[in-house]
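A.B. asks: Can you keep this structure in mind? I'll have questions shortly.
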């Protein structure tokens, strides 16, 4: 660590840390030579456990803390801020980062941003122009994606070479949990799906139905297959060659309700469908989603009806980006 006096009161280091690897910890140690207190912003908080996000924000905080303690860092100089993803609302994500940092710094203005502009994934480092940028001297080919891939493939020797010993010990203990067993099964499913597909990622087009009843509740279903078994999602269907996107959405909604697609109590909103086509939105491949709004005026005996506020309160319960798709539709409109 540098012997120079810190130049800034607070530093901010943003990442997902899934998991924190050796380079992450080296950047943090370097940053503490330039700032008095380091705020580690842990992204993708309150997301469901998936192969991309296997560990909760609290678990990642534990791993980072263990690694820093092992390196002799004073824990009082490091604080944490958990920030959820807002993949389709950049302004909300930026505001969440600022709020999380302000909560840990008391709103102080002497804040610097630490990072490395390595590729397009580092775009956010240009999104805080009022925070001086402190580029790190740590340049490493290490990738958390590679760590996860090796970890869930049982390549433990490779993992040991990519993470600090304290983090490796934490990951070894996690292997004994039911959560690991479920994620390991998801990884096996993905390997099998990739082998079967031949060309990966396969292109899929799906229609999703946001069905509301007169009380304003939304219709949700639980996935019964991998990936994401047991997580909440919207009624959806892959589009058949013989049907339109709207017809596929209506078919999916009717199936969830236990009625026929031509039931007059099920009506399609005149508002055009919203298209979500981010290339990495799904582990199932290149999945393009068309989201339709529908209304149900019949009996609401199906058990999947959920209050809109309740639905938005538990992002960790949703499959992939379902929560993000629902937010703009269910969130109350801002007062004018």
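The values are calculated or read from the model by the stated rules, or taken from the named source; none is laboratory data. What you are looking at is a predicted structure, and each value in this text was computed from that prediction instead of being measured. Positions of Cβ are generated from backbone atoms using ideal geometry, with glycine treated the same way; all protein chains shown enter the neighbour counts.
A.B. asks: Kindly indicate whether residue 305 is in contact with a strand residue (DSSP E or B) (Cβ under 8 Å, 6 or more places away or on another chain), assigned by TED's automatic domain parsing to the domain that holds residue 234, modelled with pLDDT of 90 or more and farther than 25 Å from residue 205 by Cα.
C.D. replies: Yes, satisfied.
A.B. asks: Do the conditions hold for residue 293, that is, is it in contact with a helix residue (DSSP H, G or I) (Cβ under 6 Å, 6 or more places away or on another chain), crowded, with 17+ Cβ neighbours inside 10 Å and either in contact (Cβ under 8 Å) with a residue 40 or more places away in the chain or over 30 Å from residue 193 (Cβ atoms) (or both)?
C.D. replies: No; evaluated as a whole, the condition is false for this residue.
A.B. asks: Mind listing just one residue for me: the one in the range 159-183 that is closer than 26 Å to residue 14 by Cβ and free of Cβ contacts under 8 Å to residues at least 40 places away in the same chain and, of those, surrounded by the most Cβ atoms within 10 Å (Cβ to Cβ)?
C.D. replies: Selected residue: 159.
A.B. asks: Return the residue satisfying two criteria in turn: it lies in the range 252-264 and is assigned to a helix (DSSP H, G or I) and in contact (Cβ under 8 Å) with a residue 40 or more places away in the chain, and of such residues it is surrounded by the most Cβ atoms within 10 Å (Cβ to Cβ).
C.D. replies: Only one residue fits best here, namely 253.
A.B. asks: Test of understanding: among 267, 271, which residue is farther than 25 Å from residue 187 by Cβ and in a loop (DSSP other than H, G, I, E, B)?
C.D. replies: 271
A.B. asks: Here is a list: 298, 303. Which entry is over 21 Å from residue 222 (Cα atoms) and part of a loop (DSSP other than H, G, I, E, B)?
C.D. replies: Among 298, 303, only 298 is over 21 Å from residue 222 (Cα atoms) and part of a loop (DSSP other than H, G, I, E, B).
A.B. asks: Something else now. Identify the single condition in (1) assigned to a loop (DSSP other than H, G, I, E, B); (2) within 22 Å of the chain's Cα centre (by Cα) that residue 243 does not satisfy, given that it satisfies every other one.
C.D. replies: Of the numbered conditions (1) assigned to a loop (DSSP other than H, G, I, E, B); (2) within 22 Å of the chain's Cα centre (by Cα), the odd one out for residue 243 is (2).
A.B. asks: Quick check on the range 107-124: of everything there that is touching a residue at least 40 places away in the same chain (Cβ under 8 Å) and not in a strand (DSSP E or B), which residue is nearest to residue 7 (Cα to Cα)?
C.D. replies: Among those residues, the one meeting the criterion is 110.
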